[in-house]
1. Quick one: how many residues across the range 310-325 are crowded, with 20+ Cβ neighbours inside 10 Å and either touching a residue at least 40 places away in the same chain (Cβ under 8 Å) or among the aromatic types (F, W, Y) (or both)?
2. So which of T335, T319 is in a loop (DSSP other than H, G, I, E, B) and either within 30 Å of G229 (Cα to Cα) or touching a strand residue (DSSP E or B) at 6+ places or on another chain (Cβ under 6 Å) (or both)?
3. Whether any residue in the range 195-207 is of a type in the set (A, V, I, L, M, F, W, C) and in a helix (DSSP H, G or I) is what I want to check.
4. Among the listed residues G200, G213, identify the single one that is crowded, with 22+ Cβ neighbours inside 10 Å, in contact (Cβ under 8 Å) with a residue 40 or more places away in the chain and of a type outside the set (D, E, K, R).
5. For residues that are of a type in the set (S, T, Y) and part of a loop (DSSP other than H, G, I, E, B), tally how many sit in the range 22-55.
6. Among the residues of the range 363-372, are any out of contact with any Phe, Trp or Tyr (no Cβ under 8 Å at 6 or more places or on another chain) and polar (S, T, N, Q)?
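Bear in mind that the values in this text are calculations on the coordinates, not laboratory data. Given the structure is predicted, the values throughout are model-derived calculations rather than measurements. All Cβ positions, even for glycine, are placed from backbone atoms using ideal geometry, and neighbour counts span all protein chains on display.
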Amino acid sequence: MKPALLTLALALAATTARAADWPTFLGPTRDNSSPEKGILAPWPKAGLKKLWDCELGVGYAPPVVAGGKLFHFDRFDDNARVTCRDAATGKPVWKFEYPVEYVDRYGYDSGPRASPVVDGDRVYVHGVEGMVYCLRAADGKEVWKFDTLAKYHFQQNFFGVGSVPVVDGDVLIVPVGGSPKGPRPLDSRDVKPNGTGVVGFDKLTGAVKYATGDELASYSSPVVATVGGKKTGLYFARDGLFGFDPQTGKSLFRYPLRAKPEESVNAANPLVLGDRVLLTECYGPGAVLLDLKDGTPKAVWSDADRDKDEKALMCHWNTPVHAGGFVYGSSGRNTEDAELRCVELKTGEVKWAKRRTTRCTLLLVDGYVVSLAEAGVLTLFKPDPKEYAEVSRFEVPELAYPCWAPPVLADGILYVRGKGRLVALELIPKK
């Protein structure tokens with residue numbers, strides 16, 4: 001093999017995603033599920049072994065892991081910071097910073113909400129203020145950047161920008177939710193879109209390939225899946241589900257879903273299950289299961305006409321998981337009223353509810369569900385529609401409220417974050 005070809009082959013091998021990688025938000029399939037096997041169950045009485053931990057800045061984004069490196073996005077003082085570490089040891093490799101002036105309107109942390117996305121030899125981030133950066137994964141050097149606020153303009157959402165981009169082929173798909181320039185209306189429901197709900201970039205150069213969708217941005221993140229025999233981009237935007245061609249941006253369909261109060265958001269990801277998609281929110285409508293097999297959304301069942309106490313699933317920012325025809329999710333808007341629920345997918349019937357769990361994020365792995373509650377309590381339970389079957393519980397001493405980022409699993413290591421700290425725990429022992 002010629003030296004140039006050998007170098008290229010080695011580079012490609014080094015940047016190809018591995019089965020144990022977690023390169024984007026909610027994992028390789030963006031649905032909170034991991035293909036790894038051999039987890040500890042039950043856990044040791046003293047809890048999971050800590051491998052390392054480190055200080056973080058402000059923000060709510062989880063890390064991602066690819067090629068033995070962990071990438072994190074947070075904020076220190078007036079700089080947004082992307083950090084690369086050795087995933088096994090936590091040893092710093094590089095960092096990249098850029099200035100940011102964003103101030104949260106509601107007094108929450110003013111750091112990033114969206115995790116990085118690793119694609120081959122590049123890392124993409126979407127800042128709370130709307131900046132998109134493409135960095136080299138090897139050393140953190142800037143490849144390109146794009147200011148979505150300057151180009152498309154959008155009114156500041158409740159808690160800043162919070163959607164994680166997704167890569168499809170050569171396209172980086174970024175929810176923007178642009179609106180006409182002008183003062184922010186007193187009532188955010190009066191903000192109008194300008195046709196730039198989703199923008200597709202050439203992932204290598206940053207050139208705009210398309211802008212599509214008369215949608216405003218939400219805190220959900222887009223997914224790309226094959227539904228009805230067609231590859232489709234799905235974005236649970238501020239006012240409902242938007243379906244589009246991920247390569248061209250062509251609009252395919254729209255399904256309206258948003259609570260009536262002004263201070264309401266859509267935040268959980270669409271959960272794609274074959275030709276069906278589950279949407280859920282916690283401010284009013286609740287959940288709906290849509291059938292997309294013919295390209296037009298049709299409700300299989302819906303919470304819309306049910307009383308609040310009869311709704312099946314009202315997830316806040318936490319995307320539910322699916323196992324064996326049943327969905328498990330944290331239902332409830334507030335810490336005090338949130339509970340874990342098991343819901344039959346085909347009917348929307350609640351099979352059980354575990355109360356007083358606080359708001360939790362979930363991870364499906366090796367026949368179990370790992371739950372991280374917002375005060376730092378980890379639990380392990382079996383996905384059983386007959387009952388809540390808890391196996392283990394562990395209060396992570398290094399974690400402090402709010403633990404709102406979902407857990408990440410890569411190469412046997414469980415990464416969990418709380419206020420100002422990231423902790424790496426051994427979930428799958430090395431053989």
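1. Our first condition is that a residue be crowded, with 20+ Cβ neighbours inside 10 Å; within the range 310-325, this holds for 311-322.
Going one step further and asking which of them are either touching a residue at least 40 places away in the same chain (Cβ under 8 Å) or among the aromatic types (F, W, Y) (or both), we end up with 315-322.
Total meeting the criteria: 8.
2. Details: T335 fails: either within 30 Å of G229 (Cα to Cα) or touching a strand residue (DSSP E or B) at 6+ places or on another chain (Cβ under 6 Å) (or both).
Being in a loop (DSSP other than H, G, I, E, B) and either within 30 Å of G229 (Cα to Cα) or touching a strand residue (DSSP E or B) at 6+ places or on another chain (Cβ under 6 Å) (or both) holds for just one of T335, T319, which is T319.
3. Taking the range 195-207 and keeping what is of a type in the set (A, V, I, L, M, F, W, C), we get 198-199, 201, 204, 207.
The next check asks that each one be in a helix (DSSP H, G or I); those that pass are none.
Checking the range 195-207: not a single residue is of a type in the set (A, V, I, L, M, F, W, C) and in a helix (DSSP H, G or I).
4. Working: G213 fails: in contact (Cβ under 8 Å) with a residue 40 or more places away in the chain.
Step by step, each of G200, G213 is checked, and only G200 is crowded, with 22+ Cβ neighbours inside 10 Å, in contact (Cβ under 8 Å) with a residue 40 or more places away in the chain and of a type outside the set (D, E, K, R).
5. So in the range 22-55, the residues of a type in the set (S, T, Y) come out as 24, 29, 33-34.
Of the ones still in play, those that are also part of a loop (DSSP other than H, G, I, E, B) are 24, 29.
Count: 2.
6. No, the range 363-372 contains no residue that is out of contact with any Phe, Trp or Tyr (no Cβ under 8 Å at 6 or more places or on another chain) and polar (S, T, N, Q).
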